[in-house]
Amino acid sequence: MELTYLTEPLQYAFMQRSLVVAVLVGVICAVIGSYLMVQRLALLGDAISHSLLPGLAIAFMLGINIYIGAFIAGVISTVIISLIHTRSPVKEDAAMGIVFSAFFAFGIILITLIQKDNKIDLNHFLFGNILGVTLADVRDTALMAALVLLCVFLFYKELLFYSFDRLGAQAAGLPVSLLNSGLMVLIALTVVASLKSVGVVLVLALLITPSAAAYLLAARLHQVMLLGSAIGVISSISGLYLSYYVNLPSGPAIVMVASGFFFLALLFSPAHGLLTQPQSQSVLPLWRDIRSLFR
């Protein structure tokens with residue numbers, strides 16, 4: 001009987017397509033999210049994801065592949081962030097906030113204008129609709145995932161060195177600027193590939209949360225990538241089944257499962273868990289600080 005719950009949805013072609021996309025997105029988000037974690041660049045993933053929206057809208061208006069428009073918008077946003085950061089006193093985090101909010105607002109305006117003339121719902125780009133993926137979406141996602149994973153495999157050592165010691169990588173003669181630009185492109189590709197799964201608004205959660213959970217459980221980057229990929233895949237598939245059986249929106253369901261894994265890791269991590277470490281190192285100092293506020 002329990003097996004029926006697993007096999008019943010697979011009778012439908014749309015669930016088969018959704019599962020393929022869920023696995024692909026779960027893997028690449030965790031792999032690229034691991035770099036964002038170690039470089040403390042979580043906000044960059046959010047900036048790129050929100051910056052895709054005008055590209056999606058413009059591509060829809062022009063009748064071209066929306067993934068192409070989204071990718072171009074993502075690359076343009078990273079270039080603008082870099083220009084603001086390098087050519088002005090404005091810090092990188094402020095530049096990210098300025099760019100992603102401006103792009104996101106522009107995208108909302110374009111979508112509103114499109115919906116005035118076309119009775120079409122573009123809100124699934126905001127919150128995801130993995131159950132609605134087509135064969136073309138599966139093909140495009142698979143191509144982007146293969147490209148991302150191939151680049152990470154080929155340049156793993158260089159990206160590892162750059163991620164942990166940028167100055168050392170530069171002194172060793174590595175093309176730091178090229179590595180940085182390449183990583184930005186990989187982030188943009190990953191976000192574009194995740195659009196149909198969790199949407200623009202929630203894609204940051206899938207990029208960061210599985211990697212953050214793995215970061216609490218593993219010590220080396222490749223272990224974080226592998227464990228994060230497993231968490232990402234399980235979260236995506238579990239969220240997909242929840243969406244099917246409980247009639248929940250797919251994107252939020254996937255994110256909530258991933259968040260559950262993170263909080264379990266936060267509580268029970270052997271090295272960093274709130275419940276597995278001595279209280280003098282975790283709970284008591286926090287409790288003392290809270291009590292001191294009311295004295």
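Bear in mind these aren't lab numbers, they're just calculated from the coordinates by the rules spelled out. Bear in mind that the values here come from a model prediction, so they are computed numbers and not experimental data. Note: ideal-geometry Cβ built from the backbone for every residue, glycine included; neighbour counts use all protein chains shown.
Quick notes on this structure:
- Shape class of the range 15-100 from the alpha-carbon gyration tensor: oblate, with a/c at 1.5 or above and b/c at least as large as a/b.
- The chain: calculated mean residue ellipticity at 222 nm from DSSP helix runs of at least 4, using -39500 (n - 2.57): -27000 deg cm²/dmol
- Counted residue by residue at 0.36 nm each, then reduced by the alpha carbon distance between them, the extension gain from GLN223 to ALA136 reaches 28.1 nm.
- Full-extension gain in nm, TYR245 to LEU267, via 0.36 nm per residue minus C-alpha separation: 5.0 nm
- Look at where the Cα atoms of the range 57-74 and of the range 197-253 average out, and the two centres are 26 Å apart.
- Using R0 = 45 Å, the C-beta based FRET efficiency linking GLN39 and GLN11 works out to 0.55.
- Taking Cβ atoms as reference points and 10 Å as the exclusive limit, the residues near ASP137 contribute a net charge of +2, counting Lys and Arg as +1 and Asp and Glu as -1.
- Simple label model, 7 Å out from Cα along Cβ direction - PHE153 to LEU274, nm: 4.0 nm
- (1) 23; (2) 40; (3) 9, with the label sought being that of the calculated percent of Cα pairs over 35 Å apart: (1)
- Across all C-alpha atoms in the range 202-250, the radius of gyration and Dmax reach 12.2, 38 Å.
- Percentage, to the nearest whole number, of Cα pairs in the range 176-216 over 16 Å apart: 46 percent
- Dividing the mean sequence gap of close Cα pairs (under 8 Å, 6+ apart) by how many residues the chain holds gives a relative contact order of 27 percent.
- Dimensions (Å) - the range 108-244, Cα atoms, principal axes, largest first: 56, 32, 24
- In this simple spin-label approximation, LEU178 and ILE108 carry label points 7 Å from Cα along the Cα→Cβ vector, and these lie 4.1 nm apart.
- A simple rule links phi to the HN-Hα coupling: the Karplus curve 6.51 cos²θ - 1.76 cosθ + 1.60 with θ = phi - 60°, which for the range 176-191 gives 4, 5, 5, 5, 5, 5, x, 5, 4, 5, 5, 4, 4, 4, 5, 5 Hz, with x for Gly and Pro.
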